[in-house]
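The values are calculated or read from the model by the stated rules, or taken from the named source; none is laboratory data. Fair warning: this is a prediction, and the values are worked out from it, not measured in the lab. Ideal geometry is used to build each Cβ from the backbone, glycine not excepted, and the neighbour counts take in all protein chains shown. When the accessible area is computed, the model is the full protein with side chains, heavy atoms only, and any ligands, DNA or RNA have been set aside. Shrake-Rupley method; radii C 1.70, N 1.55, O 1.52, S 1.80 Å.
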Amino acid sequence: MADTNGAGTLRPLAGARRVVVKLGTALLTGAVDQLDLPTMQDLVGQVVALRERGVEVVVVTSGAVAAGRQALEERDSAPDALPAPRERTPLLRQVLAAVGQSRLMHVYEQLFGARGVIVAQALLTRGDVDDEIRRKNTQNTLEELLKLGVVPVVNENDVVANDELEGVIIGDNDTLSGMVARMLSADLLIILGEVAGLYSADPNVHPDVELIPEVLDLEALAADVSGPLSPTARGGMVTKIQAAREITAAGIDVIIADGHQPDVLARLLAGEPLGTWFSAQRAEEATPFDQAQDRLRQAQGERLV
């Protein structure tokens, strides 16, 4: 079993000043493949409350495909029912994302705008992260948006990213949120979904499982991370664990939590032990290899400035 703590200890996260919040598909749609507006309104209110406390927040959102499906099926002249999520081709996903992305952003614009906050859309592909010049340009844009008090709303550009285009697809928003967190040197990545956190086994199969409140050693993790997984989601616990492994190695804390918990964002930043916390690997804990990699990345970044 992974090295874990009990659930009663406050976490040292109150000092987080830059946070990336990933909102999963199941959370934003209620796992019914259409946008859950009351949930989105509540989450937007929580993000605004953090900003009012001086915390910079970047939102990585899912939901474009669900919004596209909802738009097409609401037409008076709607064709036959669209295929179920697991039966959709990559092309159909791209079509639904193309229809739904503008609708999704319109919802965010309305919800944030009602609270006097401006949002900006950022659609990324893997090339925007892997290519040094494009990554730096993306980083500079996001940094400037945060300086101006704008909330960046990030999603993968599904219209051009699919499995057939090697080097373009990111694949899921757990991975994307981790990339954004590293790009912006965030203090904390919060992955919100409908799952309470990481369990010792799949709770769909094993009713006597336990929630793991803290993971200190991902390499020693022995939990079954195969589920649960909403049929509308592209990732799952496996992608969340992979994102946590990469992000904690970069010195960034990660939390997986249930987005339906009341005031979940404020409570997490207050150190309340909700969900599963993956503690960042601090500089003094880094191996010589990690330190060498950090120096290399820093040198590469300085050459791009």
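I'd like to know if region 163-184 contains one or more residues that are in contact with a strand residue (DSSP E or B) (Cβ under 6 Å, 6 or more places away or on another chain), at pLDDT below 95 and open to solvent by 30 Å² or more (accessible area, probe 1.4 Å). There is no residue in region 163-184 that is in contact with a strand residue (DSSP E or B) (Cβ under 6 Å, 6 or more places away or on another chain), at pLDDT below 95 and open to solvent by 30 Å² or more (accessible area, probe 1.4 Å). Only one entry of ALA266, ALA292 meets the criterion of being on the phi < 0 side of the Ramachandran plot, at pLDDT below 50, surrounded by fewer than 17 Cβ atoms within 10 Å (Cβ to Cβ) and of a type in the set (Gly, Ala, Ser), and that entry is ALA292.
Of the residues examined, VAL99 is not one that is at pLDDT 85 or above, surrounded by 14 or more Cβ atoms within 10 Å (Cβ to Cβ) and outside any helix (DSSP H, G or I). Restricted to region 107-147, and to residues there that are open to solvent by 60 Å² or more (accessible area, probe 1.4 Å) and assigned to a loop (DSSP other than H, G, I, E, B), the residue that is farthest from VAL47 (Cα to Cα) is ASP131. For the residues GLY15, GLY45, GLY6, the requirement of being modelled with pLDDT of 90 or more, out of contact with any Cys (no Cβ under 9 Å at 6 or more places or on another chain), open to solvent by 20 Å² or more (accessible area, probe 1.4 Å) and part of a loop (DSSP other than H, G, I, E, B) singles out GLY15. Taking the criterion of being charged (D, E, K, R) and either over 19 Å from GLU56 (Cβ atoms) or outside any strand (DSSP E or B) (or both), the residues of region 250-279 that qualify are ASP258, ASP263, ARG267, GLU272. Every test in (1) modelled with pLDDT under 85; (2) buried (at least 16 other Cβ atoms within 10 Å of the Cβ); (3) closer than 18 Å to ASP174 by Cβ is passed by VAL238 save one, and that test is (2). Any idea which of GLY63, GLY30, GLY54 is open to solvent by less than 40 Å² (accessible area, probe 1.4 Å) and modelled with pLDDT of 85 or more? Sole residue among the options that is open to solvent by less than 40 Å² (accessible area, probe 1.4 Å) and modelled with pLDDT of 85 or more: GLY63. In region 176-194, the residues that are assigned to a strand (DSSP E or B) form Cβ pairs under 9 Å with partners that are open to solvent by 10 Å² or more (accessible area, probe 1.4 Å) and of a type in the set (Ser, Thr, Tyr), at six or more places apart or across chains, as follows: GLY193/THR25; GLY193/SER230. The single condition among (1) open to solvent by less than 40 Å² (accessible area, probe 1.4 Å); (2) modelled with pLDDT of 85 or more that LEU211 does not satisfy is (1).
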